[in-house]
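Colleague: Below is one structure. I have some questions about it.
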Amino acid sequence: MEDYKKEFIEFMVESDVLKFGEFTLKSGRKSPFFMNAGAYVTGYQLKKLGEYYARAIHDNFGLDFDVLFGPAYKGIPLSVVTAIAMHDLYGKEVRYCSNRKEVKDHGADAGNLLGAELHDGDRVVMVEDVTTSGKSIDETYPIVTGAANVEIKGLIVSLNRMEVGKGGKVTAQQEVQEKYGFPVASIVSMAEVTEHLHNHECQGKVVIDDAIKAAIDAYYEQYGVK
């Protein structure tokens, strides 16, 4: 596993973004882990987050793209900090674009998009925090492709939860990939998180001990891809 992935895993724990215990998800599932990207709040955390996204985009999709698109709301700061990191790490100038939840009907920037306008021929990388069901992509994909004749180069998320999707056969991440025909990648997967953190000290304590590891294994026995 690349060093930046190991760093990112520990960064999620240190930032209180990734927690272990017992949590009830929006879906009603009881999960032994929970991720909340809204917990990245400081300048340092946001700077580092953008750098991890930029590295993962570089590794998975390369640098041949023009726009970073982040779906509202959590995708808005993600697209901004990643655009800054692209400039700082790779000298790559990209534009950021996001959608509004409510269409603005006044002013020079009326419409449903924030940031850069999309133009025919633009190559777009989409950034999200996590893909659980693909619902947000179902909402935003028509907005992006409806604004101009663009090419979606891929979708990057921070964590692949590796849970079975709505169809019950492949992961939600694979479902998005198969439905829309563009690649979906993550900075890290839950398998990598578990491998790195199991009985490994992070901030002076073990966050995935044998009991949590057993709970994670049982969770994937039920909700993972068979």
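Colleague: Of the heavy-atom accessible surface of the chain (probe 1.4 angstrom), what whole percent is carbon and sulfur?
Modeller: Solvent-exposed carbon and sulfur of the chain make up 48 percent of the total.
Colleague: Then there is this: Using packing as a proxy for protection, rank 184-191, 29-36, 116-123 so that the peptide with the highest average count of other Cβ atoms within 10 Å comes first.
Modeller: 184-191, 29-36, 116-123
Colleague: Over 25 Å between Cα atoms: which of LYS26/LYS74; LYS48/LYS153; LYS6/LYS226 fall into that group?
Modeller: As for pairs spanning more than 25 Å Cα to Cα, those are LYS6/LYS226.
Colleague: For the range 132-173, report the accessible area per residue in Å² (1.4 Å probe, heavy atoms, rounded to an integer).
Modeller: 42 Å²
Colleague: More than 21 Å apart: what percent of Cα pairs in the chain qualify?
Modeller: Everything past 21 Å amounts to 56 percent.
Colleague: Over the range 32-78, with the other protein chains present, what is the accessible area per residue in square angstrom, probe 1.4 angstrom?
Modeller: 40 Å²
Colleague: Just for the range 3-223, what percent of DSSP beta bridges are antiparallel, to the closest 5?
Modeller: 40 percent
Colleague: State the percent of C-alpha pairs, over all pairs in the range 12-95, separated by a distance greater than 16 angstrom.
Modeller: Value for the range 12-95 (Cα pairs over 16 Å): 58 percent.
The values are calculated or read from the model by the stated rules, or taken from the named source; none is laboratory data. None of the values given here were measured: they were computed from a predicted structure. Note that each Cβ is placed from the backbone with ideal geometry, even for glycine, and that neighbours are counted across all protein chains shown. In case anyone asks, the SASA skips ligands and DNA or RNA and just uses the protein heavy atoms, side chains included. Shrake-Rupley method; radii C 1.70, N 1.55, O 1.52, S 1.80 Å.
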